[in-house]
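Visitor: Submitted below is the structure of interest, expressed as structure tokens.
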Amino acid sequence: RKTRDMLFFVLLFVLVTFLSYLPFFFFCRYRVPIVPGLLLFGAYGIDRLLRAVKEEKMREVFFIAASGVVCFLVVSRNFVNYRPNLSNYYYLRGAAYVSAGRLEQGMREYAKCLQVNPDRTEARENMAAGLLALGRYDEAGQWCAELLRTHPNSAQTHFNMGLTLYKKGLFKEAVGHFETVAGLKPDDGRVYYYLGSALANQ
């Protein structure tokens, strides 16, 4: 009786949680709080299976095992033909690593993102910025130059290129890129600092 009541309330918790999040289905992780409740059912099933084996109730063992196999086959089928966006997956992992200060790991994830989608502009910009932060100025400059050929009006890429040239002491060349950024994004305060500094260093 107590076990049945407990299972009823756990199931009720799972169903109510599902329903309460239903209006907000566009949030990526709305299902995560339900996982602990679902794990209880899995633990209960394993416990029942082990007790049935111990008590040599072979019919119950077969029923539980067959039910588990059927459930696994049902939930493992991709009924809606969903295909994960690996480019987005690697890009977000890279951004998370960079935010956590693990720059080199983030760069590896951006590289994987670009293997899947070589035209992903944000990943290419972040690769250049990462190389710049690591002090690998020649490589950062190559990334920026390649990106500017296809995206000549990218303010972020012009800024990265300007900063790369600035770090290499090429102040005159850097000024042109910083002026371009000031024209494209006049509210970006960073560019005026580096523009003024590059002019002063000439």
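The values are calculated or read from the model by the stated rules, or taken from the named source; none is laboratory data. Just so you know, these numbers come straight off a predicted model, no measurement behind them. Quick reminder, even Gly has a Cβ in these numbers, built from the backbone with ideal geometry, and neighbours come from all protein chains shown. These accessible areas exclude ligands, DNA and RNA; they are computed on the full protein's heavy atoms, side chains included. Shrake-Rupley method; radii C 1.70, N 1.55, O 1.52, S 1.80 Å.
Visitor: If the Cβ limit is 8 Å and pairs must be 6+ apart or interchain, which residue in segment 95-122 that is within 18 Å of residue 156 (Cβ to Cβ) and polar (S, T, N, Q) pairs with which residue that is open to solvent by 60 Å² or more (accessible area, probe 1.4 Å) and in a loop (DSSP other than H, G, I, E, B)?
Guide: Qualifying pairs under 8 Å: 121/151.
Visitor: Starting from residues that are at pLDDT 85 or above and small (Gly, Ala, Ser), keep the ones in segment 44-69 and report whichever is surrounded by the most Cβ atoms within 10 Å (Cβ to Cβ).
Guide: Result: 52.
Visitor: Scanning for something more than 22 Å from the chain's Cα centre (by Cα) and acidic (Asp, Glu), does segment 123-144 turn up at least one residue?
Guide: There is at least one residue in segment 123-144 that is more than 22 Å from the chain's Cα centre (by Cα) and acidic (Asp, Glu).
Visitor: Same structure, new question: Any idea which of (1) polar (S, T, N, Q); (2) touching a helix residue (DSSP H, G or I) at 6+ places or on another chain (Cβ under 7 Å); (3) over 23 Å from residue 102 (Cβ atoms) is the one residue 164 doesn't satisfy?
Guide: If we test residue 164 against (1) polar (S, T, N, Q); (2) touching a helix residue (DSSP H, G or I) at 6+ places or on another chain (Cβ under 7 Å); (3) over 23 Å from residue 102 (Cβ atoms), just (3) comes out false.
Visitor: With the structure loaded, tell me whether residue 200 is at pLDDT 90 or above, surrounded by fewer than 21 Cβ atoms within 10 Å (Cβ to Cβ) and more than 24 Å from residue 104 (Cβ to Cβ) or whether it fails that test. Give the steps one after another, and end with the answer.
Guide: Working: at pLDDT 90 or above: yes; surrounded by fewer than 21 Cβ atoms within 10 Å (Cβ to Cβ): yes; more than 24 Å from residue 104 (Cβ to Cβ): yes.
Spelling it out, residue 200 is indeed at pLDDT 90 or above, surrounded by fewer than 21 Cβ atoms within 10 Å (Cβ to Cβ) and more than 24 Å from residue 104 (Cβ to Cβ).
Visitor: Taking interchain pairs and intrachain pairs at least six residues apart, which have beta carbon atoms under 7 angstrom, with the first residue in segment 7-20 and of a type in the set (Phe, Trp, Tyr) and the second surrounded by fewer than 12 Cβ atoms within 10 Å (Cβ to Cβ) and part of a helix (DSSP H, G or I)?
Guide: none
Visitor: Sticking with this one: Could you please give the count of residues in segment 130-170 that are polar (S, T, N, Q) and either touching a strand residue (DSSP E or B) at 6+ places or on another chain (Cβ under 6 Å) or open to solvent by 20 Å² or more (accessible area, probe 1.4 Å) (or both)?
Guide: 4
Visitor: Of all the residues that make up segment 70-94, how many are of a type in the set (S, T, N, Q) and either open to solvent by 80 Å² or more (accessible area, probe 1.4 Å) or part of a loop (DSSP other than H, G, I, E, B) (or both)?
Guide: Summing the residues that are of a type in the set (S, T, N, Q) and either open to solvent by 80 Å² or more (accessible area, probe 1.4 Å) or part of a loop (DSSP other than H, G, I, E, B) (or both) in segment 70-94 gives 4.
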